[in-house]
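First up is the structure itself, then whatever we jot down about it.
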Amino acid sequence: MPNIAKTILLLACSNVFMTFAWYAHLKKVHEWPWLTAALVSWGVALFEYLLQVPANRIGYGVLTLPQLKIMQEVITLAIFVPFSLFYMRQPVRLDYLWAALCMLGAVYFMFRTPTPG
């Protein structure tokens with residue numbers, strides 16, 4: 001598997017854990033004390049880092065740092081929107097489309113120059 005594909009796969013999996021660590025406790029915001037939410041979130045975030053660190057180390061060899069960052073942001077949005085809609089039951093908003101279009105513009109500007117190596 002090419003390093004770029006490994007990077008994308010690891011970052012996508014990492015983002016699933018990140019999104020749950022950051023936001024899933026909000027579903028129980030009135031039931032869980034903040035300390036419980038923080039400890040559970042830290043436990044989930046451990047798995048995020050176990051995937052994110054190798055993803056960035058692999059990706060840094062084939063992408064520039066800005067390219068790696070913008071790829072991470074696009075993946076974050078791609079994971080967050082379904083999480084928001086299906087898990088948190090948030091309404092669909094046209095703003096999601098506009099945010100996605102802005103991210104596509106950012107991707108264009110980050111990837112229009114050749115990558116190293």
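The values are calculated or read from the model by the stated rules, or taken from the named source; none is laboratory data. Please read all numbers here as calculations on a predicted model, not as lab measurements. For neighbour counting, all protein chains shown are included, and Cβ atoms are generated from backbone atoms with ideal geometry for every residue, glycine included.
Can you spot a residue in segment 57-64 that is part of a helix (DSSP H, G or I), at pLDDT 95 or above and within 14 Å of N15 (Cα to Cα)? No. Take segment 15-42 and flag every residue that is surrounded by fewer than 16 Cβ atoms within 10 Å (Cβ to Cβ), part of a helix (DSSP H, G or I) and among the aliphatic types (A, V, I, L, M). Residues satisfying the conditions are L26, L35, A38, L39.
Among residues of segment 64-85 that are at positive phi, none has a Cβ under 7 angstrom from a residue that is of a type outside the set (D, E, K, R) and crowded, with 18+ Cβ neighbours inside 10 Å at a sequence gap of 6+ or on a separate chain.
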